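The values are calculated or read from the model by the stated rules, or taken from the named source; none is laboratory data. Not measured: the values here are computed from a predicted model. All Cβ positions, even for glycine, are placed from backbone atoms using ideal geometry, and neighbour counts span all protein chains on display.
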Amino acid sequence: MRNFRFPTRITLSLVALGCGLLLGACSEGNETPASKEVGKVDKTTAAPALSAVAQVGEKLFFDKALSASGAMSCASCHDPAHAYGPPNALAVQLGGAHLDKPGLRAVPSLRYKLVTPAYSNELFDPDGTEPPGPGGGFSWDGRANTLAEQAAQPLLSDFEMGNISREAVVEKVRAASYAPLFLEVFGSRAFEDGVKAFAGITQALEAFQKEDPDFRPYSSKFDAYVMRGKGTLTVPEQRGKAVFYDPRRGNCASCHIPDLNQFTDQMYAAIGVPRNPAILANAADKFYDLGLCGPLREDMKPERSLCGMFKTPTLRNVATRSVFFHNGVMTSLEQVIRFYNTRDTNPEIWYPTKGGKPQTKPSSDFPTYGLITTQYAGGKVQKFNDLPTAYLENIDPQMPLDGRAAASKPPMSEQDIADLICFLKTLTDGFDEAADKKQPASGACVN
Ligand code: HEC
Ligand code: HEC
């Protein structure tokens, strides 16, 4: 595979030709028939009715009684008003019986997850230039291969919904107002076998996420103007799109593959995200969240070449988030992009310095948008402080994180950064085409 080069742009236009406007139908091969229409659904036509099993799943998804605390549903962390991502700015959420147990990772959005293939160490990399590698699976470490498998985890995790057993979950569903619907779908004796009933619960949660068009509305400006060609992006947005694709500037498209790939190649990469001291587990010096090689995922623990790798997330609706990366360490889109731009050229603003002397007044060219805002004289920057040195070779060398020397010129200009933010904002669902045509939005991203 190493010699197989296929320019991204050509791949994309071929795919676009084949799919035309049937966005939803084309991009998601493993859907139920009812959901195939989704790409075409607009606000004026009623969404297709959910199947009975998906209706059960919808009830389950919003049912707070399914948690040990009685106060937490799937939607508490995956809020529909926030693209099924976190409703707050916490790096990790609090769960468990008393809602006081912090999690280990930031909550991902549940939108546009249907294309997720099962995890494999040798998945085909759709960028066409890389050999097959680790890819697929749900969550930051791909440890669930299906949405049903995934749904079992939060129900039973002691820092999420906190149920002590599968049977405990089944008992709660048996007592729920929608128990008759559950029995209608899974048979009148469905509650008698706890294992089967629990499997039914996770199957229903999967059906809901697969069928409800709200998990993939394709209603962003990008979808309307770029994919469906109903208008044009503004000049700053178009410039931002160019930065996104440009292998010498953003190069974002090489991992966050756009369009039909939902802005992720489904692959894993170690990009050296700084350690987040706000995560309680990180108080222990010896604790490291190494993604694919554990500790949450257990089957790849011996695979040292996978340590530090996390799944490339979708960038759809990313502008609606308040925390970014697997550990929620960044708090704005601008900060994320600046990290990509200056991780190597200014590591001192992203990672702590040991042994230096803090300056009361930073020099005028010391950037203040980083995680570290104190300038040090001397000392040693603890670059890649969330990855043990044995795994540093796993860090991905791709642009814009190409390992260039400290204090050298970063790949993106100030203009590029501003434009890139404008482009990423076009990926937010709920764009109002009619209103935009009457009076285009104002602000930094207009012509
Ligand atoms: C306490 C907050 C919380 C609750 C409650 C919760 N989740 Fe999650 N969810 C998360 C976090 C955090 C992750 C990422 C986990 C990881 O990478 O280890 C996640 C990941 C997922 C994913 C994988 C998404 C992806 O990008 O691959 C799915 C699907 C999901 N959750 C569905 C559910 C369902 C269904 C429920 C209810 C049964 C639920 N979640 C309840 C926090 C939560
Ligand atoms: C080498 C592949 C690669 C490249 C190139 C890349 N990314 Fe990423 N991106 C990732 C991975 C992997 C993560 C998750 C890393 C983690 O959390 O440890 C990520 C995470 C993100 C996130 C956080 C999203 C969230 O939901 O928390 C944003 C935003 C993002 N990337 C934007 C960009 C932009 C903009 C560019 C171009 C300037 C870019 N990425 C280039 C692989 C890449």
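Step by step: first the residues of region 50-83, then only those that are touching a helix residue (DSSP H, G or I) at 6+ places or on another chain (Cβ under 7 Å) and outside any helix (DSSP H, G or I), then the one that is farthest from Val185 (Cα to Cα). Which residue is that?
Ala83
Provide a single number: the residues in region 66-93 that are out of contact with any Cys (no Cβ under 7 Å at 6 or more places or on another chain), within 12 Å of ligand 1 (Cβ to nearest atom) and touching a residue at least 12 places away in the same chain (Cβ under 8 Å).
To start, the set of residues in region 66-93 that are out of contact with any Cys (no Cβ under 7 Å at 6 or more places or on another chain) comprises 66-85, 87-92.
Retained after the next criterion (residues that are within 12 Å of ligand 1 (Cβ to nearest atom)): 66-69, 71-79, 83-85, 87-88, 90-92.
When the remaining residues are screened for being touching a residue at least 12 places away in the same chain (Cβ under 8 Å), the result is 66-69, 71-78, 83-85, 88, 90-92.
Residues meeting the conditions: 19.
Residues to consider are Tyr351, Tyr340; find the one that is of a type outside the set (A, V, I, L, M) and assigned to a helix (DSSP H, G or I). It would help to see each step written out before you state the result.
Details: Tyr351 fails: assigned to a helix (DSSP H, G or I).
One residue alone meets the criteria, Tyr340.
Just give me the residues in region 139-156 being within 6 Å of ligand 1 (Cβ to nearest atom) and in contact with a Lys or Arg (Cβ under 9 Å, 6 or more places away or on another chain), in sequence order.
Of everything in region 139-156, those that are within 6 Å of ligand 1 (Cβ to nearest atom) and in contact with a Lys or Arg (Cβ under 9 Å, 6 or more places away or on another chain) turn out to be Ser139, Trp140, Asp141, Leu147, Gln150, Leu155.
So which residues in region 418-435 are among the acidic types (Asp, Glu), modelled with pLDDT of 95 or more and in contact with a helix residue (DSSP H, G or I) (Cβ under 6 Å, 6 or more places away or on another chain)?
Asp419 - this is the single residue of region 418-435 that is among the acidic types (Asp, Glu), modelled with pLDDT of 95 or more and in contact with a helix residue (DSSP H, G or I) (Cβ under 6 Å, 6 or more places away or on another chain).
Out of the residues in region 310-332 that are within 11 Å of ligand 1 (Cβ to nearest atom) and not small (Gly, Ala, Ser), which is farthest from Asp223 (Cα to Cα)?
The extreme case among them is Asn327.
Restricting the search to region 140-151, which residues are in contact with a strand residue (DSSP E or B) (Cβ under 9 Å, 6 or more places away or on another chain) and crowded, with 19+ Cβ neighbours inside 10 Å?
Listed by number, the residues that qualify are Trp140, Asp141, Gly142, Ala144, Leu147, Gln150, Ala151.
List pairs: first in region 405-428 and closer than 17 Å to Tyr245 by Cα, second surrounded by 13 or more Cβ atoms within 10 Å (Cβ to Cβ) and aromatic (Phe, Trp, Tyr), Cβ under 7 Å, 6+ apart or cross-chain?
Taking only residues 6 or more apart or on different chains, the pairs are Leu420/Phe244; Phe423/Phe244; Thr426/Phe222; Leu427/Phe222; Leu427/Phe263.
Which ones in region 101-120 are outside any loop (DSSP other than H, G, I, E, B) and touching a residue at least 24 places away in the same chain (Cβ under 8 Å)?
Lys101, Pro102
Suppose we filter Asp419, Asp429, Asp436 for residues that are part of a helix (DSSP H, G or I) and surrounded by 18 or more Cβ atoms within 10 Å (Cβ to Cβ); which single one remains?
Asp419
Are any residues in region 227-244 in contact with a Leu (Cβ under 9 Å, 6 or more places away or on another chain) and either in contact (Cβ under 8 Å) with a residue 40 or more places away in the chain or aromatic (Phe, Trp, Tyr) (or both), and if so, which ones?
Scanning region 227-244 gives Met227, Arg228, Arg239, Gly240, Lys241, Val243, Phe244.
Which one is farthest from the chain's Cα centre (by Cα), of the residues in region 97-126 that are among the hydrophobic types (A, V, I, L, M, F, W, C) and within 15 Å of ligand 2 (Cβ to nearest atom)?
Leu123
If Phe186 meets every condition in (1) within 15 Å of ligand 1 (Cβ to nearest atom); (2) over 27 Å from the mean Cα position of the chain (by Cα) apart from one, which number is that one?
All conditions pass for Phe186, except number (1).
Hey, any hits in region 269-290 for a residue that's buried (at least 18 other Cβ atoms within 10 Å of the Cβ), within 7 Å of ligand 2 (Cβ to nearest atom) and part of a loop (DSSP other than H, G, I, E, B)?
The answer is yes; a qualifying residue exists.
Can you tell me which residue among Thr342, Thr360 is of a type in the set (Val, Ile, Thr), farther than 22 Å from Gly291 by Cα and within 24 Å of the chain's Cα centre (by Cα)?
Matching residue, one of Thr342, Thr360: Thr342.
For region 400-416, name all the residues that are assigned to a loop (DSSP other than H, G, I, E, B) and either at positive phi or crowded, with 18+ Cβ neighbours inside 10 Å (or both).
Scanning region 400-416 gives Pro400, Leu401, Gly403, Ala407, Pro410, Pro411, Met412.
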